[in-house]
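Student: For reference, the structure I am asking about is given below.
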Amino acid sequence: MFTPPTLRGTDFARLTTVLVTVGALMVAAATATADPRLGPLPAPNPALGPVGTASQHGDSAASDATPLAGPGGRHGNNTVTATFKPLGGNCTNLLIGADGMPQAMCSKTGTLAPVVHLLDPATGDSLASLELPRGGMFSGVYGYLDNADRVVAIDGERNLVRVAHDRRDGAWRLFIAESTPIGPAVDAHCGAPGCDTVVAPMADYSGKVWFATQRGTVGLVDTGSGRAHSVALGSGEVVTNSISTSPDGLAVATTHALYLVRAGADGTPTIAWRKDYDRGPGRKPGQLSWGTGSTPTFFGPGTGSEYVAIVDNAAPKENLLVFHAGTGEQVCSIPVVDGTENSPIGVGDTVFVASTYGYPYPPQATPGPSVPPQADFVGGIVRVDVKRNGTCQQRWTADVRSAAVPKISLEDGHLYTVSRVPGQGGAPDRFDYTVINGQNGKVESTQTLGAGPQFNTLQLPGNIGPNGVLYQGTVAGYLRIAATGR
């Protein structure tokens, strides 16, 4: 029988920090695969669930790094068994709580209504589901687990909700444990009730909740008191990606600039600094908007979050931009890929950037024409090291058509992703589980998952659980990828 652990909140975060540190030392001594440059992780957010599995990008810093080994690490020999689990929609968020229970956030096919699923950790089957009111385009796309393993999301009625789960009389259920209306703060800077929609929430280190809206408002909510304050970013700027937090504050990228926002003494958000970036001539093929495709990434070799990075939209090559999180001073800039819709992966003094240029997104997801009108998807992943002298140096490039946001494991030193292989003679494209050596960029393992639309990972991020299982979202559900025999 599965018995969930009882650790929560700050106690779990502190224990996780100790375990990660001890684990990193053991791995460094035991294997040549792990890279000593990969670390430390950002400080655990005490308002968030487990490190590496509590948000779409692993943590509140959006590092896309995990202290856990993947299916090809200590849990197996790179031979995996993959099972597709249909959930009736596009599953953008696969999260695992401290109790070991995976949860999926999906958008229903057709209606796009957000649905939360509680998953069986042994089989991956849905044990219970809860549909939330549909809102704007980003409703149900972004959310996270708090320190009580509750899904935190913004529903279509502009309530910040916490979705809890329990088991009664042998049956699992999901239910709204807390709901805080935030509509007035959302609409405070656009002129009329209902004039804006929330893109993403994320936990502040104080326990309050940040949010960003599509029309460029940033807010901070105290769900205990119900108070919410907000501030407007630049006029005409749009937010189309998620947000990140560190002890320094909130990082958010609009279609024009990168911002660092902090909370004032009364809880009102204050813009600490703003940095314009080159947004190029227009939306590129393989991108969803005109501007950066990045959720900002906090990382660094000292505290784990002294830097913050995005990729701009310059042409012909986009640049990785690294800034000091505290001051906004630019650390370095380096050309990396033709285009990307993905957040950079950042840990220690290393950043990985995966190209999505030319990725065949569905037409309904890409508003307006692109510049150029079309391009082939050729992929590519670039590793960049940030040197102590304030320069960026490209270390390697991997010829991989990554069709998902890769995850880097600090325990085994591998990047885990799904690659897209063009079909031949009219056959549908194939999707392969792919393991890349983080030190040298060599592909160490590939295994076919399947062909056809249900296997399309649509540049979605996956998360690796403590049992070495990779949960990877697709357009119709998710893939449960585990070392064979587990």
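Student: Amide H of V337: which non-local residues (sequence gap of 5 or more, or other chain) have their own amide H closer than 5 Å, using H built in the peptide plane?
Tutor: E318
Student: Same structure again: Kindly write out, for segment 348-359 in residue order, the coupling ³J(HN,Hα) from the Karplus curve 6.51 cos²θ - 1.76 cosθ + 1.60 (θ = phi - 60°), rounded to whole Hz, with x marking Gly and Pro.
Tutor: Rounded to whole hertz, the list is x, 10, 10, 10, 10, 10, 9, 7, 10, 4, x, 4.
Student: Quote the FRET efficiency, to the nearest 0.05, computed for K317 versus D266 with a Förster distance R0 of 51 Å and r equal to the Cβ-Cβ distance. Present the calculation step by step, with values, prior to reporting the outcome.
Tutor: Details: r = 44 Å, r/R0 = 0.86.
So, using R0 = 51 Å, E works out to roughly 0.70.
Student: Would you kindly state how much longer the chain becomes between V371 and R168 on full extension, computed as 0.36 nm times their sequence separation minus their alpha carbon distance, in nm to one decimal?
Tutor: On the way: separation 203, 0.36 × 203 = 73.08 nm, distance 5.45 nm.
Taking 0.36 nm per residue and subtracting the Cα distance, the gain is 67.6 nm.
Student: So, one more: State the Cα centre-to-centre distance between segment 41-69 and segment 417-482 in whole Å.
Tutor: 21
Student: Within segment 471-486, find all residues whose amide N lies under 16 Å from a label point positioned 7 Å from the Cα of Q454 along Cα-to-beta-carbon.
Tutor: 472-481
Student: From the P(r) of segment 228-306, could you give the percentage of C-alpha pairs in the tail past 17 Å?
Tutor: Values: 1547 of 3081 pairs.
Percentage above 17 Å: 50.
Student: Which cross-chain or sequence-distant (5 or more) residues have an amide H under 5 Å from the amide H of E306, H modelled 1.01 Å from N in plane?
Tutor: F299, G300
Student: Hey, for a label at E329 modelled as a point 7 Å past Cα toward Cβ, could you say which residues of segment 233-251 have their backbone N under 18 Å away?
Tutor: 248
Student: Take each of the peptides 40-50, 336-346, average the number of other beta-carbon atoms within 10 Å over its residues, and list them starting from the highest.
Tutor: On the way: 40-50: 24.5, 336-346: 26.5.
Going by the mean number of other Cβ atoms within 10 Å, highest first, we get 336-346, 40-50.
Student: Okay, moving on. Considering the Cα positions of segment 287-427, please state its Rg to one decimal place and its Dmax as a whole number of Å.
Tutor: Cα radius of gyration and Dmax of segment 287-427 are 15.6, 54 Å respectively.
Student: Expected output is a single nm value to one decimal: the length gained when fully extending between C190 and E178, i.e. 0.36 nm times separation in residues minus the C-alpha distance. What is it? Mind dumping the intermediate values first?
Tutor: Numbers: separation 12, 0.36 × 12 = 4.32 nm, distance 2.69 nm.
Length gained between C190 and E178: 1.6 nm.
Student: Would you calculate, for the chain, the mean residue ellipticity at 222 nm contributed by helices, counting each DSSP H stretch of 4 or more residues as -39,500 (n - 2.57) and dividing by all residues, to the nearest 500?
Tutor: On the way: 2 runs with 26 residues, N = 486.
Helices in the chain give a 222 nm mean residue ellipticity of -1500 deg cm²/dmol.
Student: Using alpha-carbon pairs under 8 Å, 6+ residues apart, how would you state the relative contact order of the chain in percent? Each step should come with its number before you reach the end.
Tutor: On the way: 1420 pairs, mean separation 82.4, N = 486.
Once divided by the residue count of the chain, the mean separation gives 17 percent.
Student: Give me the distance in nm between label points sitting 7 Å out from Cα along the Cα-to-Cβ direction at V421 and K275, one decimal.
Tutor: So the label points at V421 and K275 sit 3.9 nm apart.
Student: Shifting gears a bit: In whole Hz and in residue order, list the ³J(HN,Hα) couplings for segment 302-319 that follow from phi through the Karplus curve 6.51 cos²θ - 1.76 cosθ + 1.60, θ = phi - 60°; x for Gly and Pro.
Tutor: Each residue of segment 302-319 in turn: x, 8, x, 8, 6, 10, 9, 9, 9, 10, 7, 10, 5, 10, x, 10, 7, 10 Hz.
Student: What is the set of long-range amide H partners of R430 at a cut-off below 5 Å, with H atoms built 1.01 Å from backbone N?
Tutor: Those lying under 5 Å, H to H, from R430 are V421, G423.
Student: Still on this structure: Of [x] 59, 54, 49; [y] 72, 54, 41; [z] 71, 47, 46, which is the value of Cα extents along the principal axes in Å derived from the coordinates here?
Tutor: Computing Cα extents along the principal axes in Å and matching it to [x] 59, 54, 49; [y] 72, 54, 41; [z] 71, 47, 46 gives [x].
Student: Can you work out ³J(HN,Hα) from phi for every residue in segment 408-423, in order, using Karplus 6.51 cos²θ - 1.76 cosθ + 1.60 and θ = phi - 60°, giving whole Hz and x for Gly and Pro?
Tutor: Values per residue, Gly and Pro as x: 9, 9, 6, 6, 10, x, 9, 8, 10, 8, 10, 9, 10, 10, x, x Hz.
The numbers here are math on the coordinates, done by the rules we state, and not lab data. If you're wondering where the values come from, they're calculated on a predicted model, not measured in any experiment. Cβ atoms come from the backbone with ideal geometry, glycine included; neighbour counts cover every protein chain shown.
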